[in-house]
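A.B. asks: Mind having a look at this structure? Questions to follow.
Read-outs throughout are calculated quantities, based only on the coordinates presented, and are distinct from any laboratory measurement. Note that the coordinates shown come from a computational prediction; the quantities given were computed from them, not determined experimentally. Please note: Cβ atoms are built from the backbone with ideal geometry, for glycine as well, and neighbour counts cover all protein chains shown.
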């Protein structure tokens, strides 16, 4: 079967993703949070960001945590 178009081609190695435990935030998500915090007065210490971090530590994705934090922001006003 040499020369056949059906030969297996080895896959390129993908970067290893570290699994995070519940209650931890991955480096990639922390980078997203820090970038996002620039949009909020108070940066990482703002109420919005603290809520997002809390939700992400509970297992929510960045988007889910953001949506929940926005809802809390609106309900507090």
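A.B. asks: Which ordering of 46, 75, 61 is given by a fewest-first count of other beta-carbon atoms within 10 Å?
C.D. replies: Fewest-to-most Cβ neighbours within 10 Å comes out as 75, 61, 46.
A.B. asks: Same structure, new question: Fewest first, what order do 56, 49 take by the number of other Cβ atoms within 10 Å?
C.D. replies: So the ranking, lowest neighbour count to highest, is 49, 56.
A.B. asks: Subtract the Cα-Cα distance of residue 60 and residue 38 from 0.36 nm times their separation in residues, and report this length gain in nm to one decimal.
C.D. replies: On the way: separation 22, 0.36 × 22 = 7.92 nm, distance 2.10 nm.
Full extension of this stretch gives 5.8 nm more.
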